[in-house]
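First comes the structure, then the notes that go with it.
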Amino acid sequence: MRPMSDSPIIEETRLWLERAVIGLNLCPFAKAAHQKTQIRWVESVACDEEALVAELISELERLAEADPALIDTTLLIHPQVLQDFDDFNDFMGVAEAVLEELELDGEIQIASFHPQYRFEGTAADALGNYTNRSPHPTLHLLREASIERALDAVPEAADIYERNIATLEALGLDGWRRVMDGAAPGN
């Protein structure tokens with residue numbers, strides 16, 4: 001595993017976070033953790049699912065033991081394994097089983113992001129899928145307590161998903177591409 005450094009994989013993911021997730025306000029909770037440098041950025045060296053499971057266990061344990069003021073969330077980016085979205089989606093069952101085995105369910109959640117992300121029942125080109133499309137397959141490890149605090153602070157948090165889809169549909173695919181190329185939303 002490689003923590004945040006000069007890694008091009010981490011840099012691409014950081015830009016996606018800043019431009020799309022924060023820039024389009026797709027996740028109103030991300031900005032604070034990013035500004036406070038409480039995100040642990042990890043580029044996986046795993047080349048197979050077994051190695052990724054080992055890294056996932058290590059990162060879950062590290063996050064559970066860390067002071068939330070220092071590490072509130074972890075992005076485990078794994079560019080060499082689970083490139084196919086169906087395989088990645090199937091792996092999420094394994095990731096949830098690991099969470100339960102470590103008895104961290106209820107304490108930590110795992111969110112999933114992938115370049116080909118597709119919500120069940122949607123067309124592959126549906127703009128709503130872009131809310132979870134990252135440059136590389138990524139497991140986002142989040143503290144449940146942090147999510148609860150953030151949800152309490154955000155009015156109408158239940159509407160975030162619908163608002164995100166509306167934002168992306170208004171932006172359009174060309175607008176999404178401009179944002180990812182560094183243009184301000186709406187330009």
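The values are calculated or read from the model by the stated rules, or taken from the named source; none is laboratory data. Bear in mind the structure is a predicted one, so any value in this text is a computation, not a measurement. Positions of Cβ are backbone-derived with ideal geometry, glycine not excepted, and every protein chain shown enters the neighbour counts.
Assorted remarks:
- When ALA46, ALA20 are checked against the criterion of being surrounded by 15 or more Cβ atoms within 10 Å (Cβ to Cβ) and within 14 Å of the chain's Cα centre (by Cα), ALA20 stands alone in meeting it.
- Within region 87-105, considering residues that are aliphatic (A, V, I, L, M) and closer than 25 Å to LEU26 by Cα, the one surrounded by the most Cβ atoms within 10 Å (Cβ to Cβ): ALA95
- Filtering region 53-77 to residues that are without any contact (Cβ under 8 Å) to a residue 60 or more places away in the chain, over 13 Å from LEU142 (Cα atoms) and within 18 Å of the chain's Cα centre (by Cα) leaves VAL53, GLU55, ILE57, SER58.
- Boolean, ALA33 is touching a residue at least 12 places away in the same chain (Cβ under 8 Å) and surrounded by 19 or more Cβ atoms within 10 Å (Cβ to Cβ): yes
- Within region 106-128, restricting attention to residues that are under 13 Å from the mean Cα position of the chain (by Cα) and buried (at least 19 other Cβ atoms within 10 Å of the Cβ), the residue that is farthest from TRP176 (Cα to Cα) is ILE110.
- Any hit, region 139-161, residues being closer than 25 Å to ASP86 by Cβ and modelled with pLDDT under 90: yes
- Residue in region 59-73 that is within 15 Å of ILE110 (Cα to Cα) and surrounded by fewer than 14 Cβ atoms within 10 Å (Cβ to Cβ) present: yes
- Subset tally (residues that are in contact with a strand residue (DSSP E or B) (Cβ under 6 Å, 6 or more places away or on another chain) and either outside any strand (DSSP E or B) or of a type outside the set (Phe, Trp, Tyr) (or both)) for region 109-139: 8
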